[in-house]
1. Quick one: work out Rg over Rh on the C-alpha atoms of segment 139-216, Rh as Kirkwood radius.
2. Suppose every Lys and Arg Cβ carries +1 and every Asp and Glu Cβ carries -1, with no other charges. What dipole size does segment 167-257 come out with about its Cα centre, to the nearest 20 debye?
3. If DNA, RNA and ligands are ignored and the probe is 1.4 Å, what is the ranking of 279, 174 by accessible area, most exposed first?
4. Assign unit charges at the C-beta atoms only (+1 for Lys and Arg, -1 for Asp and Glu), then state the dipole size of the chain relative to its Cα centre in Debye, rounded to the nearest 20.
5. Taking a ≥ b ≥ c as the square roots of the eigenvalues of the Cα gyration tensor of segment 207-302, is the shape rounded (a/c under 1.5), prolate (a/b larger than b/c) or oblate?
6. Let me have the relative contact order for the chain, percent, based on Cα pairs under 8 Å that are six or more residues apart.
7. Considering only DSSP states other than H, G, I, E and B, which GluC sites (Glu not before Pro) in segment 238-309 qualify as loop sites with at most 15 other Cβ atoms within 10 Å?
8. Of all alpha-carbon pairs in segment 308-356, indicate the percentage at a distance above 14 angstrom.
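The values are calculated or read from the model by the stated rules, or taken from the named source; none is laboratory data. On a predicted model such as this, the values are computed, not experimentally measured, just so you know. Cβ atoms come from the backbone with ideal geometry, glycine included; neighbour counts cover every protein chain shown. Just so you know, the surface numbers come from the protein's heavy atoms only, side chains and all, with ligands and any DNA or RNA stripped out. Shrake-Rupley method; radii C 1.70, N 1.55, O 1.52, S 1.80 Å.
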Amino acid sequence: MMDNTKRYERLRERYLNGDLDRRKFLGLIGAAGLAYGVQTPFARHAMAATEEVRFDGWGGVVSEAFRKYAFDPYTEKTGIKVVDGTFGGGDEYLSRVKASQEGEYNIAHLSGVFDYARYVNLGLNSTLNEDNIPNLKYVIPKLTDVFRGVTDGKLSCVPYDYGTTGIAYNRKYISDDEAKEKGAKLLIDEAYKGKIGGWSDWRTRIWYASLQTDQDPNNATDMDAVWQAVRTNRDLLLKYWQSGAELMSLLAEEEIYVTEGWSGRIYALQEQGHDIGYIDPPNGFGWQECLFVIKGSPMEACEELLNFMLAPETSIAVAEGQNYPPALDPTKVDLGKKIPTLPAFDPTGTLDGLTFANPEYWNSHEQDWSKMFGRIQKGY
């Protein structure tokens with residue numbers, strides 16, 4: 001009679017040769033263990049095999065890139081289905097997660113370290129087993145370190161991409177020179193009344209109002225001036241936009257001539273042939289996004305998906321599809337031809353040129369500032 005060790009080795013050999021898919025392999029290994037009354041870790045896993053993982057992201061070209069280059073190939077490889085949902089803003093999504101049953105939401109494409117800190121403060125974080133995510137070694141160290149700082153050296157996410165919220169303008173009406181000269185103040189320029197757009201996100205509004213009043217966006221000292229600038233921008237707006245798709249549509253249809261916008265979406269418009277310029281003013285809004293695993297999720301399946309998504313071939317394909325540079329370190333991985341041409345890309349891998357939001361500063365003011373912006377948005 002074949003002993004267990006040989007049985008496992010043969011099954012593993014068949015699996016590694018590609019003769020068995022992963023689910024079948026785990027099932028057989030579990031069955032082999034159960035037949036001999038052995039409780040193997042594989043047996044437990046096989047009994048409670050994960051059939052699907054839920055992923056929530058920003059929709060539009062970003063979700064399309066994830067589905068095409070990551071989720072479908074992952075499902076083909078593992079048999080685990082990725083169910084993807086979308087959201088228009090981080091606050092709206094967090095409300096959904098807080099109201100859900102544990103385990104209902106699994107992985108979220110979160111923006112910024114302040115979002116990460118919010119989830120951690122609410123006890124919604126998990127702890128990743130990094131041994132299951134060997135591709136983490138390719139990630140820019142600075143991006144990982146900031147998350148470790150929030151969770152005592154551990155990780156509840158992997159960094160995935162970065163970009164900027166800069167100023168996008170229609171070159172038919174605004175020249176590159178004018179945009180560079182006026183910078184953030186272009187968004188409160190009377191000359192463009194009714195042709196200005198803005199994201200309905202309180203952080204972005206306050207960040208740009210800080211720049212418009214010549215203050216440090218991570219340490220504004222005159223909030224009265226900031227709120228006045230937010231009102232000035234509001235009074236000149238055509239409308240606040242709610243999503244990346246709406247941002248692209250407003251610019252493409254020339255309903256607006258200038259707005260702050262997400263670097264990858266603006267690049268997508270340029271690729272489509274629209275003559276849209278893009279600049280990051282001094283102290284412009286740099287951000288990084290992560291794939292965050294929510295407490296109560298099937299950890300091994302999630303870790304496998306994260307590792308798959310960080311593999312250079314997947315990460316580069318997604319980055320080229322969504323137009324945001326990947327979190328991979330360009331000094332360790334050849335990122336190909338397109339990625340170095342994307343706005344916000346840093347060839348050094350240090351990201352010293354980007355200003356990121358200080359999570360402590362923004363999260364400590366969230367309640368008051370989001371409420372105040374809500375009032376201004378309604379006309380106060």
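1. 1.13
2. 180
3. The most accessible residue leads, giving 279, 174.
4. It comes to approximately 900 debye.
5. oblate
6. Computed value for the chain: 24 percent relative contact order.
7. Loop-located and lightly packed - 253, 254, 255.
8. Tail of P(r) above 14 Å: 45 percent of Cα pairs.
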